[in-house]
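The values are calculated or read from the model by the stated rules, or taken from the named source; none is laboratory data. All values derive from a computational prediction rather than experimental measurement. Note: ideal-geometry Cβ built from the backbone for every residue, glycine included; neighbour counts use all protein chains shown.
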Amino acid sequence: MRRLIIRPGAIGDCILSLPAMESLCAGAARTEVWVASQNAPLVRFASHVRAIASTGLDLLGIPDREAPAALLDHLASFGSIVSWYGAKRPEFRAAVANLPFRFLDALPPGEPAVHAADFYLRQAGGGPEPATPRIACPAAADGYAVIHPFSGSRRKNWPLERFRELARRLSACMPVHWCAGPEDALDGAVRIENLYELARWLAGARLYIGNDSGITHLAAAAGAPVVALFGPSDPHVWAPRGPRVRVLATLRPGDPIEDIPLTTVWEAGVSLGVV
């Protein structure tokens, strides 16, 4: 059976869905995966990977717009289509009503709190065991620390001056590199656009420290020792997972991330045995 998996979303959403998508791929003779273009390099287990933006999928169900006939023919060629895309769009669901779609929810239920990776895996038919995203990428440990001080929201960002003080302390033990995205303002930062190549670089880090962000999930999935700082988001649902991950959260979700003291972050690095 040929199966199509459609997973929109940001970097962290995609990474937390990797165990579910891999499970779905294992149950099909041939699989195609459609994701956001930036996430395509991270899907290493599918027969074919495409960027959603290149397919014309967003035209389905839009009034006065016609989706390419080739798209509909291609969708009809699959025996199974599992989609996190369009689940909450009635017009999209109507447009694909005659196709073998199974829609999955993109957000875990609020109560009881279920980790997103577990939720996605169970949706896909996986077992009750904890789901840990992994991105296989060869890397030699090069003995440096990586600090990524950004995220998708300012409320999730630990103060930059504390990151700078942390970098000063770490520099007595190892080289320190700053990591940033293409639009982040930070002089001298390492910027690697291809996420798989970025994962390979992060995998070589002796320590990674960052906010609740997709890049923090990427570092954890690549196997780096990670200290992740959480403020507004619930770490019970959205924290990165890995054997060498330490999650530092405020007392209550929604409390300002500034409440996490620098000494606590430093001690988390010590507890990982890398400082």
Apart from one, (1) closer than 19 Å to Ala145 by Cβ; (2) in contact with a Pro (Cβ under 8 Å, 6 or more places away or on another chain) all hold for Thr264; the odd one out is (2)
Out of (1) in the same structural domain as Phe230 (by TED's automatic domain parsing); (2) touching a residue at least 12 places away in the same chain (Cβ under 8 Å), the one Cys137 does not meet is (1)
Margin query: Can you confirm whether Gly86 is on the phi > 0 side of the Ramachandran plot and either crowded, with 16+ Cβ neighbours inside 10 Å or of a type outside the set (Phe, Trp, Tyr) (or both)?
Written below: yes
Restricting the stretch 38-62 to residues that are in a helix (DSSP H, G or I) and buried (at least 18 other Cβ atoms within 10 Å of the Cβ), the one farthest from the chain's Cα centre (by Cα) turns out to be Leu57
Arg169 passes all but one of the listed conditions (1) surrounded by fewer than 21 Cβ atoms within 10 Å (Cβ to Cβ); (2) closer than 30 Å to Leu24 by Cβ; the exception is number (2)
Counting only residues in the stretch 16-37 that are free of Cβ contacts under 8 Å to residues at least 60 places away in the same chain and in a loop (DSSP other than H, G, I, E, B), the one nearest to Leu218 (Cα to Cα) is identified as Ala36
By my count, helices (runs of 4 or more DSSP H) wholly in the stretch 177-275 with at least 2 residues that are of a type in the set (Val, Ile, Thr), within 14 Å of the chain's Cα centre (by Cα) and assigned by TED's automatic domain parsing to the domain that holds His148 are 214-221
The condition of being outside any strand (DSSP E or B), closer than 23 Å to Thr250 by Cα, at pLDDT 95 or above and not assigned by TED's automatic domain parsing to the domain that holds Ala185 holds, among Ala131, Ala117, Ala113, Ala167, only for Ala117
